[in-house]
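*Asks:* Next up is a structure, given as structure tokens.
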Amino acid sequence: MITYIYVLNKFSDDQVRINLNNLSRNFELDNNYKSVSLCTTDSNFNKPAIKIQPGFYCPYCTNDGKVHDATCINPYNTLLTTEGIQDILKSYTPKKPKNQDDPKYILYRWVNKSLTDDDFKKLKNNVSIRNNELIVKPGRTLLSLKQVIVRRGKPSSKQEGNLCKQPSRVIINYLSKEGKSFIIKISKNGSVNIWSASKEYVSSKFLNELCKKINDTEGAVDSEYTFIRNISSIKSATMSLKLGEVGSAEVINMESFQNKLPDNKDFVIPGLGKVTNIGLKNNRLKGVKKSPSKTIIYILLSPTKHINILVYEQEINIILSDLNGLGNDATQVKKELDDIRNKILKLLPSEKLVNVNKHKIKLNTFQEKQIKHNTINGKAPHGSACRKTSGNNDRLTYNRPVPYSFHGRCSDGLYHKVEGNEFEGLWYPCCYSLGKKKEEQYRQYLIKGFNGPIDDSKTGTLIPGTTQRESRKFKGLDSRSKKSLIRAINKIRPPCNINFKSRYRCLASPSCPEGWGGIGKTNFYYLTHKTISNVLENDYICYYIPIRSTIHHYSIQYNKLLVYSTQGANVFVRNTNEKDRKGLCIINCNDILFKKDLEPLEGSILNNFGKMENKYKMVMIPKDSTKAPWLVVHKEMKSINFDPITLQVFKSDDRKGYYKLGNNDKVFKQLGSVYLKDNLKNNEYYTFKVSFTANGKLSSKLPFIKQKKNDVRMTDLSNTIDYFNRNMTLHRSSNKFFMKYEAEGGVYGDSKNGMRLTLIK
């Protein structure tokens with residue numbers, strides 16, 4: 001895909017050719033031209049008028065709850081009403097400050113009925129306290145949203161609500177027939193900038209139509225406004241590439257790619273140009289900029305022409321610019337970009353990640369974009385509708401349900417906001433943590449259901465996989481049949497295990513021989529960057545086993561089968577006529593399965609992983625070796641699929657609820673300091689339920705949820721912790737599915753095992 005920035009009639013003088021006031025007020029809107037605005041130092045005009053969100057009012061045009069006046073001098077700095085503050089408090093838990101008199105913690109003082117005289121003035125005396133009761137009258141306040149919501153991190157140094165976003169320019173928003181928006185900026189000297197438009201909209205046909213629209217408004221001064229080709233040109237062009245659709249690379253190994261590019265010095269890329277550290281404008285430092293997820297390359301093609309290349313793991317953006325313009329021929333510009341693209345693709349690492357599964361999806365139409373994002377507008381959710389992550393200090397906890405829907409799954413420990421969040425007149429789903437009061441409300445929501453009063457025509461999301469608007473309404477548990485409730489319980493019930501009993505010591509006898517109770521000959525581990533070397537050193541066969549099954553050591557001696565608990569403290573015993581042996585077995589509820597009971601899978605490890613259904617996990621068993629471990633890997637990481645684990649807690653700092661975790665007096669450094677919410681005793685052992693985000697990452701908000709205090713210590717948890725922090729990435733491109741591991745030094749794949757790994761750690 002290529003988008004262009006086009007300059008129509010680049011006049012170099014200050015002659016007034018367009019009356020911006022006439023243009024903005026008389027410009028006719030339609031299905032394509034969606035809005036027009038003009039802002040100067042002393043006036044403002046917006047058509048259609050800018051909406052005012054419920055619970056706010058404008059102190060400049062004095063409107064509230066609907067729209068600003070079209071000529072409102074400042075439609076960007078709305079203030080709250082008392083009703084608006086009450087609406088905020090329905091979903092916002094005020095933070096307890098160190099200094100309770102700090103002006104920005106007014107919501108905390110509101111909830112705790114400790115408002116100060118200054119607070120009452122800001123609330124315009126619409127709030128009062130009588131007999132320790134808060135009396136709230138409908139009315140306006142002097143408070144903005146930023147003055148009451150305490151955000152993490154340092155406050156912004158930017159001036160709040162700039163009066164003029166684009167001073168002395170008419171700004172027109174255009175929506176193409178493909179559903180793509182771009183912006184048209186018109187200055188009084190007659191120069192017009194068209195931003196991020198496709199090829200069709202930098203053609204003579206469209207440019208002449210735009211000139212006619214300007215003339216129809218009586219905006220032209222003295223003479224008719226026309227398209228002058230010799231002073232018009234494409235300023236820059238951006239080509240966006242999705243890997244997997246072009247070239248041989250599927251997913252870029254960023255570290256390997258960056259190692260090919262020198263730091264802090266100029267160098268030449270054959271066939272392209274010079275990578276220079278000094279830019280064409282303002283002598284700004286350019287060259288190569290590297291980060292773990294992105295590489296930016298600045299290449300000088302000529303004294304006036306340059307390209308910026310932005311390389312991501314699965315995407316490349318090429319921006320071609322010229323100080324003198326790129327001409328009017330978009331086809332010729334495309335040919336130049338194609339040539340640059342082909343040369344860049346040759347720079348990419350040749351190492352490939354293994355294709356696991358194919359999902360052929362091409363996003364050519366607006367409907368396909370709707371299906372991808374699950375939204376009415378075909379775009380990813382806006383941050384004001386639902387922030388992607390919890391905030392600057394927590395980029396690992398995802399607030400958006402998966403799939404993005406009112407019926408999608410939230411990360412462990414997070415729950416759907418019942419009504420969702422409103423943005424631009426539509427309602428969107430979002431996930432939040434719950435306090436005790438909110439938790440009780442959520443329980444009632446599950447029991448009673450959600451049936452309004454709501455307008456489902458305003459839902460901003462779709463039924464996953466379709467272009468049909470979804471409903472927020474659903475029936476609660478108390479309206480469902482007994483059969484449906486049983487089915488639901490069966491889906492979430494904990495794993496049922498055989499009844500282990502405490503082991504007992506006994507003397508040698510026919511019923512209890514000496515040495516009875518030996519452990520099996522092999523171990524099992526989760527598949528991590530530390531254990532994957534076993535796959536490359538041994539011939540493994542794949543098997544699917546039930547997702548909630550567990551693996552145990554067993555031994556058969558003297559016609560007795562002994563199955564040992566995972567902690568080795570308890571044992572299950574039953575009679576058997578099988579030969580003496582030791583090893584590993586699988587327990588699925590009351591069934592005990594041995595290797596001979598499992599059905600081996602054909603094909604490579606990664607292909608089997610890609611085809612695996614979510615109701616299974618995959619166990620990899622060495623074909624010949626009795627020393628190599630069994631390896632286990634899940635496709636979906638959910639807390640329900642893991643038994644609680646026992647961890648030792650260490651008080652890490654003065655922050656309430658923060659601890660380091662470990663075992664046998666050793667700290668798991670890879671976890672860092674984690675928030676556990678509860679007040680726990682230092683150096684003591686507790687049983688925890690593990691908590692994951694919806695995309696299978698260990699939650700950073702509340703990674704472990706305390707179940708009970710426990711004196712039983714686990715023998716070795718390092719592999720389990722590595723797995724919970726697993727550095728495996730699932731890449732889904734437009735038509736393929738890849739799996740990438742961060743491997744330890746010296747670990748590489750081979751064709752025999754159907755796996756190729758690149759050294760990226």
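The values are calculated or read from the model by the stated rules, or taken from the named source; none is laboratory data. Note that the structure is predicted; figures quoted are calculated from it, not measured. Cβ atoms come from the backbone with ideal geometry, glycine included; neighbour counts cover every protein chain shown.
*Asks:* List every residue pair whose Cβ atoms lie under 9 Å apart, where the two residues are 6 or more positions apart in sequence or sit on different chains, the first residue falls within segment 6-19 and is β-branched (Val, Ile, Thr), and the second residue, located anywhere, is loosely packed, with under 11 Cβ neighbours inside 10 Å.
*Replies:* Close Cβ pairs satisfying both conditions: VAL16/ASP222.
*Asks:* Inside segment 212-229, can you point out the residues that are of a type outside the set (Gly, Ala, Ser) and without any contact (Cβ under 8 Å) to a residue 40 or more places away in the chain?
*Replies:* LYS212, ASN215, GLU224, THR226 - these are the residues of segment 212-229 that are of a type outside the set (Gly, Ala, Ser) and without any contact (Cβ under 8 Å) to a residue 40 or more places away in the chain.
*Asks:* If you check SER128 against the conditions, is it outside any loop (DSSP other than H, G, I, E, B) and polar (S, T, N, Q)?
*Replies:* Yes, satisfied.
*Asks:* Quick one: in segment 481-505, which of the residues that are among the polar types (S, T, N, Q) and within 23 Å of ASP643 (Cβ to Cβ) is modelled with the lowest pLDDT?
*Replies:* ASN497
*Asks:* May I pose another question? Tell me, which residue of segment 51-68 that is within 19 Å of LEU123 (Cβ to Cβ) and of a type in the set (Ser, Thr, Tyr) is modelled with the lowest pLDDT?
*Replies:* THR62
*Asks:* Also, quick follow-up: Can you tell me which residue within segment 395-427, out of those that are in a strand (DSSP E or B) and of a type in the set (A, V, I, L, M), is farthest from LEU702 (Cα to Cα)?
*Replies:* Across segment 395-427, the extreme among qualifying residues is LEU426.
*Asks:* I would also like to ask the following. Please work out which residue is modelled with the highest pLDDT, limiting yourself to segment 370-392 and to residues that are among the small types (Gly, Ala, Ser) and under 20 Å from SER91 (Cβ atoms).
*Replies:* So, considering only residues that are among the small types (Gly, Ala, Ser) and under 20 Å from SER91 (Cβ atoms), the one modelled with the highest pLDDT is ALA385.
*Asks:* Follow-up. LEU661 passes all but one of (1) among the hydrophobic types (A, V, I, L, M, F, W, C); (2) within 18 Å of LEU702 (Cβ to Cβ); (3) out of contact with any helix residue (DSSP H, G or I) (no Cβ under 6 Å at 6 or more places or on another chain); which number fails?
*Replies:* So LEU661 meets the others, but not (3).
*Asks:* Something else now. Look at SER673 and say whether it is surrounded by 18 or more Cβ atoms within 10 Å (Cβ to Cβ) and touching a strand residue (DSSP E or B) at 6+ places or on another chain (Cβ under 8 Å).
*Replies:* no
*Asks:* Here's a check for you: in segment 138-172, which residue that is modelled with pLDDT under 70 and on the phi > 0 side of the Ramachandran plot is surrounded by the most Cβ atoms within 10 Å (Cβ to Cβ)?
*Replies:* GLY161
*Asks:* Would you check which residues across segment 472-491 are surrounded by 12 or more Cβ atoms within 10 Å (Cβ to Cβ) and part of a loop (DSSP other than H, G, I, E, B) and list them?
*Replies:* Across segment 472-491, the qualifying residues are ARG472, LYS473, GLY476, ARG480.
*Asks:* For segment 548-598, give me every one of the strands (runs of 3 or more DSSP E) that falls completely inside it and has 2 or more residues that are free of Cβ contacts under 8 Å to residues at least 40 places away in the same chain and closer than 28 Å to PRO644 by Cβ.
*Replies:* Ranges flagged: 550-557.
*Asks:* So, of the residues in segment 23-68 that are over 37 Å from the mean Cα position of the chain (by Cα) and acidic (Asp, Glu), which turns out to be surrounded by the fewest Cβ atoms within 10 Å (Cβ to Cβ)?
*Replies:* ASP42
*Asks:* Specify which of the listed residues (LYS596, LYS560) is buried (at least 16 other Cβ atoms within 10 Å of the Cβ) and basic (Lys, Arg).
*Replies:* One residue alone meets the criteria, LYS560.
*Asks:* Of all residues in segment 115-134, which are among the β-branched types (Val, Ile, Thr) and more than 41 Å from the chain's Cα centre (by Cα)?
*Replies:* ILE129, the sole residue that qualifies.
*Asks:* Give all pairs with beta carbons closer than 6 Å in which a residue from segment 325-350 that is surrounded by 12 or more Cβ atoms within 10 Å (Cβ to Cβ) meets a residue that is in a helix (DSSP H, G or I); count only pairs at least 6 apart in sequence or on separate chains.
*Replies:* The qualifying pairs are LEU326/VAL333; ALA330/LYS199; ALA330/VAL202; PRO349/SER256; PRO349/PHE257.
*Asks:* Could you please let me know if ASN570 is at pLDDT below 85, under 26 Å from LYS501 (Cα atoms), surrounded by fewer than 19 Cβ atoms within 10 Å (Cβ to Cβ) and in contact with a strand residue (DSSP E or B) (Cβ under 6 Å, 6 or more places away or on another chain)?
*Replies:* Yes, satisfied.
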